[in-house]
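Here is the structure we will look at.
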Amino acid sequence: MDNNLFEEKRPVFPFTAIVGQEEMKLALLLNVIDPKIGGVMIMGDRGTGKSTTVRALVDLLPEIQVVANDPFNSHPYDPELMSDEVRKQIKENKNLEIVNTKISMVDLPLGATEDRVCGTIDIEKALTEGIKAFEPGLLAKANRGILYVDEVNLLDDHLVDVLLDSAASGWNTVEREGISISHPARFILIGSGNPEEGELRPQLLDRFGMHAQVGTVKDAELRVKIVEQRAAFDQNPQNFRNSYKNAQDNLCFQINEARKLLSQIQIPYDLRVNISRICAELNVDGLRGDIVTNRAAKALAALRGRTEITPKDIMTVIPLCLRHRLRKDPLESIDSGLLVLEKFSQVFGYTSKASI
């Protein structure tokens, strides 16, 4: 498909042109650098640019190698990310055609059925022709990519369970009439929602790696800038995108370099102990908080081009990693992210951000 034609049909607002909402942008970038962080839940007021920012991420996604004409975006070398068909071809020593493609982002519509999400098995074909006829769903398309669910708090709880189970295990299994088909479904799950429309159940919220909060910009000059940016984009999307091309290219390069650097980064033992102390003293259930904070701190250091992790890296990411894991106190008025930062200051011995 002609990329220019695609852009003319559906131009995407440049990520680097988005004003403010630094917390949300950082959480998204860290998940692109290390998908094992486990996705992002973005909660905030209506009209704060949640969907715009997530869709703007598409331009920044790096290229990956996939097996040509495979509906699951199978990895050509990693068996954990291959479909059964590709594994079979490798066992038979068949040559695989390998192509480079952009990481894809799949939108999950609110009214989607479980069949649309997970895929369906054609029982009639299976019985008459003796083959496992599988029609892939959105989870297959999202493998090795991003699955975005707008208004995730309005999604049926059963579907949310399915999504989170697949995101956690990396596999999707469809069973019908005694026939079972599995395929890799490793994706970054991004959900957004408005807290006025209801919160996710705590056990589901905990499964998202990070939780970003966005609010309406209060500064009048910033609001004017946002309005002007949007008007300029709507008037001539292509010219607006061209004006941000260098900034977009630089950020793409930074993400690619960070992905390469990630494996070289180690967190010193004393910093890891402090992270776990914070989680323990905040009564965070389970160990997901510890694991995600470690991963996010590494991804942030990689994004900044360093192999050394500093306490400031941890301070930047830890509210995003823990705020949604704290037990809710109905009498507590303070933001849970500030509670996390207070505990960080106690454990690390800092009295304010300025001292770091």
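Just so it is clear, none of the values below were taken in a lab; they were calculated from the coordinates. Keep in mind that this is a model prediction, so the values were computed, not measured. Because the Cβ atoms are built from the backbone with ideal geometry, glycine has one as well, and the counts that use them run over all protein chains shown.
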Checklist entry - Can you tell me how many residues in segment 83-96 are touching a strand residue (DSSP E or B) at 6+ places or on another chain (Cβ under 7 Å) and part of a loop (DSSP other than H, G, I, E, B)? => result 2
Item to check | Positions within segment 168-200 being surrounded by 13 or more Cβ atoms within 10 Å (Cβ to Cβ) and among the charged types (D, E, K, R), in sequence order | outcome: R176, R186, E199
Checklist outcome for this item: The residue from A112, A68 that alone is of a type in the set (G, A, S) and crowded, with 16+ Cβ neighbours inside 10 Å is A112
Next on the checklist: Condition first: surrounded by 19 or more Cβ atoms within 10 Å (Cβ to Cβ), in contact (Cβ under 8 Å) with a residue 60 or more places away in the chain and closer than 20 Å to G38 by Cα. Can you find one or more residues in segment 214-235 that meet it?
Outcome noted: yes
Checklist entry - In segment 87-110, is there at least one residue being farther than 26 Å from Q254 by Cα and small (G, A, S)? => result no
Next on the checklist: I'm told F134 meets every condition in (1) surrounded by fewer than 18 Cβ atoms within 10 Å (Cβ to Cβ); (2) farther than 27 Å from L28 by Cα except one. Can you identify the failing condition by its number?
Outcome noted: (1)
Item to check | Filter result (outside any helix (DSSP H, G or I), in contact with a Lys or Arg (Cβ under 7 Å, 6 or more places away or on another chain) and closer than 24 Å to L155 by Cα) within segment 39-65 | outcome: I42, G44
Item to check | Output for segment 218-248, where each listed residue is in contact with a Gly (Cβ under 8 Å, 6 or more places away or on another chain) and within 16 Å of A56 (Cα to Cα) | outcome: I226
